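I have placed the structure first, in the form of structure tokens, so that the comments after it can refer back to it.
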Amino acid sequence: MNRSWAFLIAPLACCAAVASPPAAPGDPDSRARATEKQLTPQERLTLVHGIMPLPGQPVQVPPDAIVGAGYVASVPRLGIPALKETDASLGVAWIMGLRKDGATALPSGLALAATWNPTLAQEGGAMIAREALAKGFNVLLAGGANLAREPRNGRNFEYLGEDPWLAGTIDGASVQGIQSQHVLSTIKHFALNDQETGRHFANVVIDETAARESDLLAFEIAIERGQPGSIMCSYNRVNGPYACDNSHLLNDVLKDEWKYKGFVMSDWGAVPGLDAALHGLDQQSGAQLDAKTWFDAPLGEAVAKDSTYAARLGEMSRRILRSIFEIGLDAYPPKAQPIDFATNAKVAEEEARQAIVLLRNEHGTLPLDASPKRIAVIGGYADSGVMSGGGSSQVQGEGGPAVAVPLGGDGPFADFIAQQWHRGSPLAAFARRAPKAEVTFRDGRYVSEAVAAARKADLAIVFATQWMTEGFDAADLSLPQGQDELIAAVTAANPRTIVVLETGGPVLMPWLARTAAVLEAWYPGTRGAEAIASVIFGEVNPSGRLPVTFPASLDQLPNPVLPGSDSIEPDFLGNGKPGQTLTIDYSREGADVGYRWYARKQLRPLFPFGFGLSYTT
């Protein structure tokens with residue numbers, strides 16, 4: 001087993017030293033100091049707070065703002081550009097279709113981590129940045145470095161697995177790629193924002209050493225390698241104070257010990273009060289979501305009365321200016337231009353191909369050859385598209401989703417949590433590769449119908465989906481909507497059944513022993529259908545390796561019951577209604593996240609971290 005580590009980790013060491021983006025004339029520190037001295041008091045305040053420029057919000061949206069996540073006004077007389085921000089973990093965000101355009105969707109973060117390939121991360125980051133520039137954005141809210149400490153976390157699909165070295169290395173490479181295009185990238189959500197249940201008020205309790213050896217280590221590596229222009233702090237509390245109001249995290253660790261020179265922006269609606277400025281927060285984002293725009297008039301009043309606040313506002317402004325100048329936002333402004341979606345799709349497809357993990361392959365079932373005459377494809381909307389994760393990272397191509405299943409509510413935020421599938425049909429991709437076979441589809445709603453189709457076929461391919469989204473955690477690790485029962489019935493009817501999983505993280509597999517083959521395809525992005533077909537038909541040798549451990553049961557987890565799942569009353573977006581409290585105690589596992597926990601407890605998981613088969617022998 002030890003011999004495999006060199007193979008798994010070697011690609012990470014390559015993290016090809018991408019050259020830093022060429023700096024604009026002058027040292028960014030000197031320029032920031034000189035420019036800050038020329039700012040008026042109101043201009044300083046302008047730099048340190050922003051809005052969410054969406055229709056229907058209780059703020060005036062400036063004419064130059066773009067529908068997106070955030071906007072911070074410019075200071076034209078000094079050549080300081082506006083910050084135009086978009087969610088962009090996996091591509092330029094769909095923003096609930098409000099902008100009436102599309103973007104290239106990369107596979108999920110876990111898929112990227114499964115490639116163990118920093119070069120792909122770099123290329124994907126650069127591709128997203130180019131599309132963002134073409135749409136007018138110059139800041140990407142990217143770089144998710146939170147560890148998959150809790151496998152039911154609704155946002156694990158955005159992140160990069162359970163190992164801090166893997167997550168930090170891949171994340172740093174992605175940020176390098178983004179900023180090579182003169183687009184500022186964040187790294188988020190700092191820190192220990194490892195579940196969605198109660199995320200706005202949960203207090204994470206963890207020993208300092210354990211935090212430094214796990215979640216904080218991932219951030220430290222990513223920051224060191226990527227040098228992001230900004231760090232986004234998280235909603236939750238960490239050992240008492242809120243993360244965006246946590247002097248230990250932001251001042252002691254990030255700025256003093258790690259010598260971070262950029263600025264800290266808040267998550268949207270994560271600022272508890274004015275004193276967050278003294279505790280290390282440099283910019284209030286989406287200010288209309290907070291109780292007050294603390295970093296505007298209230299901060300101005302404090303500056304007029306207290307020299308400590310005045311000095312702090314000067315530092316906040318300098319940090320923001322430094323990142324703008326270092327990355328070249330002033331020298332290389334966005335420029336509207338056509339996007340070469342065909343070329344960009346190749347980046348997404350290559351990432352998806354390298355991300356697919358072959359978990360099981362009995363009797364050489366895969367790759368498929370020309371012998372099957374009848375192939376039954378079942379479930380997962382495989383006749384229409386491939387699944388994507390939901391929430392602020394949702395990306396869609398031109399024309400929007402192939403399938404959208406609403407989960408209730410009305411207005412734009414109903415679309416925020418709708419289940420969506422990217423265009424591109426696996427069924428059609430299979431048919432193109434097996435032109436002499438009869439390829440049929442059953443949606444799987446009726447198990448009896450699926451079983452009848454499987455019995456008539458030479459082999460069956462079942463697509464199973466686990467939709468995850470920001471705002472909600474998974475109740476457990478089963479496949480929802482009766483899909484485990486569907487797979488069990490189909491495998492009983494036809495032992496030559498291949499299961500393709502499109503999931504946001506680990507799932508249990510009570511039917512595993514009866515399958516012929518199992519592929520983990522994650523959320524495979526805009527060209528996912530082609531990538532899946534290319535692996536199944538042997539055009540690509542599967543090379544993905546698991547970036548997370550798949551448990552054999554919930555009892556193997558440090559917390560068999562998700563903290564807060566039996567007590568927190570969710571709001572519409574699943575976050576938890578205000579006024580509630582929740583303590584999340586990580587003392588049981590400490591630094592032993594994922595495979596380290598299994599090793600310490602001598603547990604045998606369903607599939608271990610790093611696992612992945614191939615077609616070679």
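Observations on the structure shown:
- Convex hull per residue volume in Å³, alpha carbons only, for region 383-422: 68 Å³
- Stretching residue 443 away from residue 539 to a fully extended chain increases their span by 31.9 nm, per 0.36 nm per residue minus the current alpha-carbon distance.
- With every protein chain in place, the chain: carbon and sulfur % of accessible area (1.4 Å): 53 percent
- The share of alpha-carbon pairs in region 404-481 lying farther apart than 17 Å comes to 62%.
- In this structure, the residue pairs whose Cα-Cα separation is over 21 Å, taken from 84/335; 346/436; 100/135, are 346/436.
- Inverse mean reciprocal Cα-Cα distance (Kirkwood Rh) of region 152-239, Å: 13.4 Å
- Partners for residue 456 among aspartates and glutamates (Cα-Cα distance below 20 Å; same-chain residues under 8 apart left out): 369, 383, 438, 443, 485
- Listed peptides 147-160, 602-615 by packing density, highest first (mean Cβ within 10 Å): 147-160, 602-615
- Only helices enter this figure: runs of n ≥ 4 DSSP H residues, each worth -39500 (n - 2.57), summed and divided by the residues of the chain, yield -9000 deg cm²/dmol at 222 nm to the nearest 500.
- Where 335, 188 fall by accessible area, highest first, once all protein chains stay in place (1.4 Å): 335, 188
- Using alpha-carbon coordinates, inclination of helix 341-355 to the longest axis of the chain, degrees: 70 degrees
- Degrees, to the nearest 10: 215-226 long Cα axis against longest axis of the chain: 80 degrees
- Computed over the alpha-carbon atoms, the chain gives an Rg to Rh ratio of 0.98, Rh here being the Kirkwood radius from the mean inverse distance.
- Cα gyration tensor category, rounded, prolate or oblate, for region 173-214 with a/c compared to 1.5: oblate
- The H on the amide N of residue 374, modeled in the peptide plane, is under 5 Å from the matching H of 438, 458, 459, each at least 5 residues off or on a different chain.
- Computed from Cα positions, the angle between helix 447-456 and the longest principal axis of the chain comes to roughly 50 degrees.
- Net lengthening on full extension, residue 577/residue 291 (0.36 nm per residue, minus Cα-Cα): 101.4 nm
- For q = 0.11, 0.22, 0.25 Å⁻¹, Debye-computed log10 I/I(0) when each Cα of region 246-338 counts as one equal scatterer: -0.36, -1.15, -1.30
- DSSP finds beta bridges in the chain, and of those with both partners inside it, around 35 percent are antiparallel.
- Per residue solvent-accessible surface (Å²) - the chain, probe of 1.4 Å: 36 Å²
- Fully extending the segment from residue 512 to residue 33, taken as 0.36 nm per residue of separation minus the present Cα-Cα distance, adds 166.3 nm.
- Quarter of Cα convex hull surface for region 471-511, i.e. mean projection, nm²: 3.2 nm²
- Within region 13-151, antiparallel bridges make up roughly 60 percent of the DSSP beta bridges whose residues both belong there.
- Close amide H pairs (under 5 Å, H built 1.01 Å from N) link residue 238 with 204, 243, residues at least 5 positions away or on another chain.
- Inter-part distance where region 137-158 and region 541-555 are each reduced to a Cα centre, Å: 18 Å
- Taken about its Cα centre, the chain carries a charge dipole of roughly 1240 debye when the Cβ of each Lys and Arg holds +1 and the Cβ of each Asp and Glu holds -1.
- The listed residues 305, 601 rank as 305, 601 when sorted by accessible area, largest first, using a 1.4 Å probe.
- Grouping the Cα pair distances of region 113-161 into 5 Å bins from zero gives a pair-distance distribution of 4, 19, 22, 21, 17, 12, 4, 1 percent in increasing distance order.
- Using θ = phi - 60° in the Karplus curve 6.51 cos²θ - 1.76 cosθ + 1.60, the 3J(HN,Hα) couplings for region 598-610 round to 5, 5, 5, 8, 6, 9, 9, x, 5, 9, x, 3, x Hz; x is entered for Gly and Pro.
- Cα-only radius of gyration and Dmax that characterise region 54-203, units Å: 16.0, 49
- Alpha-carbon gyration tensor eigenvalues x 5, square-rooted, for region 444-489, Å: 27, 10, 8
- Taken as Cα centroids, region 174-202 and region 241-276 sit 13 Å apart, rounded to the nearest whole angstrom.
- Sites residue 307 and residue 398, calculated FRET efficiency, Cβ-Cβ separation with R0 56 Å, nearest 0.05: 0.55
- Whole-Hz ³J(HN,Hα) from phi, Karplus 6.51 cos²θ - 1.76 cosθ + 1.60, for region 30-40, glycine and proline x: 5, 4, 5, 5, 5, 5, 4, 5, 8, 6, 7
- Shown here is the pair-distance distribution of region 464-546: with all Cα-Cα distances grouped in 5 Å bins from zero up to the longest one, the shares run 3, 13, 23, 23, 20, 13, 4, 1 percent.
- Note on residue 458 and residue 553: the model spin-label points, each 7 Å out from Cα along the C-beta direction, lie 4.0 nm apart.
- Summarised as an ellipsoid, region 519-594 has semi-axes of 36, 19, 10 Å, derived from the eigenvalues of the Cα gyration tensor scaled by 5 and square-rooted, with the largest first.
- Based on C-alpha pairs under 8 angstrom that are at least 6 apart in sequence, region 449-496 has a relative contact order of 61 percent.
- Computed on the Cα atoms alone, the convex hull of region 466-617 gives a volume of 150 cubic angstrom per residue.
- Inter-centroid distance (Cα atoms) of region 412-441 relative to region 567-617, Å: 30 Å
The values are calculated or read from the model by the stated rules, or taken from the named source; none is laboratory data. Please read all numbers here as calculations on a predicted model, not as lab measurements. Glycine also receives a Cβ, built like all others from the backbone with ideal geometry; neighbour counts cover every protein chain displayed. Ligands, DNA and RNA are stripped out before the accessible areas are found, and what is left, the full protein with its side chains, is counted by its heavy atoms. Shrake-Rupley method; radii C 1.70, N 1.55, O 1.52, S 1.80 Å.
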